[in-house]
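Q: I have a structure I would like to understand better, so I am pasting it below and will then ask my questions one at a time.
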Amino acid sequence: MKSQMDEIDREILRRVQDGIPLEARPFSRVAKALSIGEAEVVGRLESLIQRGVVRRFGSRVNHRKAGIAVNAMVVWKVPPERVAEVGTGMAGHPEVTHCYERRIHPGRWEYNLYTVIHGQDRETICNLVERFSRHADIDEFLILTSTREFKRTPAGRIR
Amino acid sequence: MRSADGLDSKDRELLQCVQDAFPLDPRPFRILGQHLGLPEREVMERLDRMYRRGVLKHIAPVLEMRETGVAASTLVAMKVAEERIEEVARAVNEYEEVSHNYRRDHPYNLWFTVAASSETHLRESLAAIRRQTGVQEVDILELPMTQRFKIDVRFRFVQENGGEKPDGRDRP
């Protein structure tokens with residue numbers, strides 16, 4: 001696959017991927033290091049977002065410390081011909097951060113649709129899941145609440 | 001009013017903006033301040049407090065995986081004996097290919113994601129994890145994604161999420 005980035009884009013991402021400094025002009029160091037203007041740095045970041053290379057630019061938070069204490073992975077058994085419809089529908093809710101179809105293992109594990117839902121507490125999540133279930137008319141599901149977070153890091157980095 | 005997490009309503013508004021609509025501008029904190037009716041300095045002070053409390057981890061680009069050299073990935077579910085869960089979780093965490101690893105309340109109690117530069121590399125990592133942890137193949141589910149409907153890890157910090165975004169854009 002052809003990359004949509006040139007070397008300057010890569011170097012900018014390499015230098016900001018762990019976070020910009022909390023300074024009035026947070027892009028000035030990167031700009032100086034690359035001998036380009038700050039406007040070019042932010043312009044390139046903007047363009048990377050528009051081209052879909054960068055999903056977004058913003059904060060990464062510890063949601064547990066901001067009142068969003070629970071994440072549940074809810075797995076659903078959806079008839080194959082309804083996956084697209086049900087998946088798109090669930091993806092539309094802001095509480096759903098991830099929505100994927102995944103491979104099944106016939107006879108061992110037949111849940112094919114996965115949603116990750118974040119909420120203040122378990123009750124909020126259970127209520128939402130019940131609503132989703134009624135709305136999509138899917139009654140086979142499991143709520144897999146996380147009881148421990150062993151690791152959570154960004155999945156990819158520019159090396 | 002501050003809630004249990006130590007954030008007041010301005011903090012929450014600020015956090016919401018920094019997450020959803022960080023202004024890509026040479027002076028982003030000034031623009032955030034203009035939007036929230038705060039001086040630039042106060043914006044930075046509030047963010048600094050949130051960093052120190054551990055609420056805010058960083059402000060950075062979120063990269064699409066395909067651009068970072070990840071070509072193969074999967075979710076893995078494992079049944080691990082209760083008394084071994086800590087040890088196995090630690091062993092799994094050691095792999096840089098593993099980005100997320102959670103304990104969940106189910107007989108399949110350990111759930112982690114593995115991402116690698118190629119299918120071969122992914123297979124090698126999974127084999128190494130199996131060997132090292134000694135978890136049997138019958139107790140492991142490999143669950144690669146077959147279709148993506150959404151990935152958007154953003155949260156609502158304020159109840160009322162209306163109003164104009166500082167950069168004037170609406171995101172899907």
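The values are calculated or read from the model by the stated rules, or taken from the named source; none is laboratory data. In this text the structure is predicted, and so the values were computed from the model without any measurement. Glycine also receives a Cβ, built like all others from the backbone with ideal geometry; neighbour counts cover every protein chain displayed.
Q: Looking at region A:1-18 only, could you name the residues that are in contact (Cβ under 8 Å) with a residue 24 or more places away in the chain, closer than 19 Å to A:SER59 by Cα and assigned to a loop (DSSP other than H, G, I, E, B)?
A: A:GLN17
Q: Could you say whether any residue in region A:38-48 is within 10 Å of chain B (Cβ to nearest Cβ), closer than 24 Å to B:LEU56 by Cα and part of a loop (DSSP other than H, G, I, E, B)?
A: no
Q: Another question, if that's okay. Which condition from (1) within 9 Å of chain A (Cβ to nearest Cβ); (2) of a type in the set (Lys, Arg); (3) closer than 30 Å to A:ARG44 by Cβ is the one that B:ARG53 breaks?
A: Every listed condition holds for B:ARG53 apart from (3).
Q: Can you pull out every residue in region B:75-105 that is of a type in the set (Ser, Thr, Tyr) and out of contact with any Gly (no Cβ under 9 Å at 6 or more places or on another chain)? Reasoning before the result, please.
A: Within region B:75-105, the first condition is being of a type in the set (Ser, Thr, Tyr), and the residues that meet it are B:95, B:99, B:102.
Hits for region B:75-105 are B:TYR95, B:TYR102.
Q: Please specify each residue of region B:11-37 satisfying the condition of being crowded, with 19+ Cβ neighbours inside 10 Å and over 29 Å from A:GLY52 (Cα atoms).
A: Residue satisfying the conditions is B:ASP11 alone.
Q: Here's a follow-up. What do you reckon, is B:ASP8 more than 18 Å from the chain's Cα centre (by Cα) and either surrounded by 19 or more Cβ atoms within 10 Å (Cβ to Cβ) or more than 7 Å from every other protein chain (Cβ to nearest Cβ) (or both)? Quick ask: steps written out before the conclusion?
A: On the way: more than 18 Å from the chain's Cα centre (by Cα): yes; either surrounded by 19 or more Cβ atoms within 10 Å (Cβ to Cβ) or more than 7 Å from every other protein chain (Cβ to nearest Cβ) (or both): yes.
The answer is yes for B:ASP8.
Q: OK, next. Quick test of your reading of the structure: B:ALA128 fulfils all but one of (1) of a type in the set (A, V, I, L, M, F, W, C); (2) within 29 Å of A:VAL53 (Cβ to Cβ); (3) more than 21 Å from the chain's Cα centre (by Cα). Name the failing condition by number.
A: (2)
Q: Suppose we keep only residues that are over 11 Å from B:VAL18 (Cβ atoms) and within 11 Å of chain A (Cβ to nearest Cβ) within region B:40-50. Which one would you say is surrounded by the most Cβ atoms within 10 Å (Cβ to Cβ)?
A: Of region B:40-50, the ones over 11 Å from B:VAL18 (Cβ atoms) are B:40-42, B:44-45, B:48-49.
Within this subset, residues satisfying the condition of being within 11 Å of chain A (Cβ to nearest Cβ) are B:40-41, B:44-45, B:48-49.
Working: B:GLU40: 16, B:ARG41: 12, B:MET44: 19, B:GLU45: 13, B:ASP48: 12, B:ARG49: 14.
Checking each candidate, the answer is B:MET44.
Q: Failed condition for A:VAL86, given (1) at pLDDT 95 or above; (2) hydrophobic (A, V, I, L, M, F, W, C); (3) part of a strand (DSSP E or B), with all others met?
A: (3)
Q: So, in region B:73-113, of the ones that are of a type in the set (A, V, I, L, M), at the interface with chain A (Cβ under 10 Å from one of its Cβ atoms) and closer than 15 Å to B:MET145 by Cα, which residue ends up surrounded by the most Cβ atoms within 10 Å (Cβ to Cβ)? Full working, then the answer.
A: Let us first name the residues in region B:73-113 that are of a type in the set (A, V, I, L, M), namely B:75-78, B:80-81, B:85, B:88-89, B:91-92, B:98, B:110.
When the remaining residues are screened for being at the interface with chain A (Cβ under 10 Å from one of its Cβ atoms), the result is B:75, B:77, B:85, B:88-89, B:92, B:98, B:110.
Next, only the ones that are closer than 15 Å to B:MET145 by Cα stay: B:75, B:77.
Numbers: B:LEU75: 19, B:ALA77: 22.
Taking the candidates together, the pick is B:ALA77.
Q: Here's another thing I want to ask about it. Which pairs turn up if I take residues in region B:2-31 that are of a type in the set (Lys, Arg) and look for partners that are modelled with pLDDT under 95 with beta carbon separation below 7 Å, at least 6 apart in sequence or on another chain?
A: Close Cβ pairs satisfying both conditions: B:ARG2/B:ASP8; B:ARG12/B:PHE157; B:ARG12/B:VAL158.
Q: Condition first: out of contact with any His (no Cβ under 8 Å at 6 or more places or on another chain), of a type in the set (Val, Ile, Thr), in a strand (DSSP E or B) and without any contact (Cβ under 8 Å) to a residue 40 or more places away in the chain. Can you find one or more residues in region B:79-98 that meet it?
A: Kept after step one, since they are out of contact with any His (no Cβ under 8 Å at 6 or more places or on another chain), are these residues of region B:79-98: B:79-96, B:98.
Then drop every residue that is not of a type in the set (Val, Ile, Thr), which leaves B:80, B:85, B:88, B:92, B:98.
Okay, now just the ones that are also in a strand (DSSP E or B), so B:98.
Now narrow it down to the ones that are without any contact (Cβ under 8 Å) to a residue 40 or more places away in the chain: B:98.
There is at least one residue in region B:79-98 that is out of contact with any His (no Cβ under 8 Å at 6 or more places or on another chain), of a type in the set (Val, Ile, Thr), in a strand (DSSP E or B) and without any contact (Cβ under 8 Å) to a residue 40 or more places away in the chain.
Q: Would you check which residues across region A:17-34 are surrounded by 18 or more Cβ atoms within 10 Å (Cβ to Cβ) and either at pLDDT below 95 or not hydrophobic (A, V, I, L, M, F, W, C) (or both) and list them? Spell out how you get there, then give the answer.
A: At the first step, the residues of region A:17-34 found to be surrounded by 18 or more Cβ atoms within 10 Å (Cβ to Cβ) are A:17, A:20, A:26-27, A:30-31.
Once the filter is applied, which keeps residues that are surrounded by 18 or more Cβ atoms within 10 Å (Cβ to Cβ) and either at pLDDT below 95 or not hydrophobic (A, V, I, L, M, F, W, C) (or both), region A:17-34 yields A:GLN17, A:PRO26.
Q: Name every residue in region A:83-124 that is surrounded by 15 or more Cβ atoms within 10 Å (Cβ to Cβ), under 18 Å from the mean Cα position of the chain (by Cα) and among the β-branched types (Val, Ile, Thr), in order of residue number. Show your work before the answer.
A: Restricting attention to region A:83-124, the residues satisfying the condition of being surrounded by 15 or more Cβ atoms within 10 Å (Cβ to Cβ) are A:83, A:86-87, A:89-91, A:93, A:95-102, A:104, A:109, A:111-119, A:124.
From what is left, the residues that are under 18 Å from the mean Cα position of the chain (by Cα) are A:87, A:89-91, A:93, A:95-102, A:113-119.
Hits for region A:83-124 are A:VAL96, A:THR97, A:THR115, A:VAL116, A:ILE117.
Q: Is it the case that some residue within region A:58-80 is at pLDDT 90 or above, under 30 Å from A:PRO21 (Cβ atoms), facing chain B (nearest Cβ under 7 Å) and buried (at least 17 other Cβ atoms within 10 Å of the Cβ)?
A: Scanning region A:58-80, I find at least one residue that is at pLDDT 90 or above, under 30 Å from A:PRO21 (Cβ atoms), facing chain B (nearest Cβ under 7 Å) and buried (at least 17 other Cβ atoms within 10 Å of the Cβ), so the answer is yes.
Q: Considering only region B:44-62, I want to know if a residue exists there that is closer than 30 Å to A:TYR111 by Cα, of a type outside the set (S, T, N, Q) and in contact with a Lys or Arg (Cβ under 7 Å, 6 or more places away or on another chain).
A: Initial filter on region B:44-62 (closer than 30 Å to A:TYR111 by Cα): B:62.
Keeping just the survivors that are of a type outside the set (S, T, N, Q) gives B:62.
The next check asks that each one be in contact with a Lys or Arg (Cβ under 7 Å, 6 or more places away or on another chain); those that pass are B:62.
Within region B:44-62, one or more residues are closer than 30 Å to A:TYR111 by Cα, of a type outside the set (S, T, N, Q) and in contact with a Lys or Arg (Cβ under 7 Å, 6 or more places away or on another chain).
Q: Kindly indicate the residue of region A:1-16 that is of a type in the set (A, V, I, L, M, F, W, C) and facing chain B (nearest Cβ under 8 Å) and also surrounded by the fewest Cβ atoms within 10 Å (Cβ to Cβ) among those meeting that condition. Walk me through how you get there before you give the answer.
A: Filtering region A:1-16 down to residues of a type in the set (A, V, I, L, M, F, W, C) leaves A:1, A:5, A:8, A:12-13, A:16.
Next cut, facing chain B (nearest Cβ under 8 Å) only: A:1, A:5, A:13, A:16.
Values: A:MET1: 6, A:MET5: 19, A:LEU13: 23, A:VAL16: 22.
Going through the qualifying residues, I end up with A:MET1.
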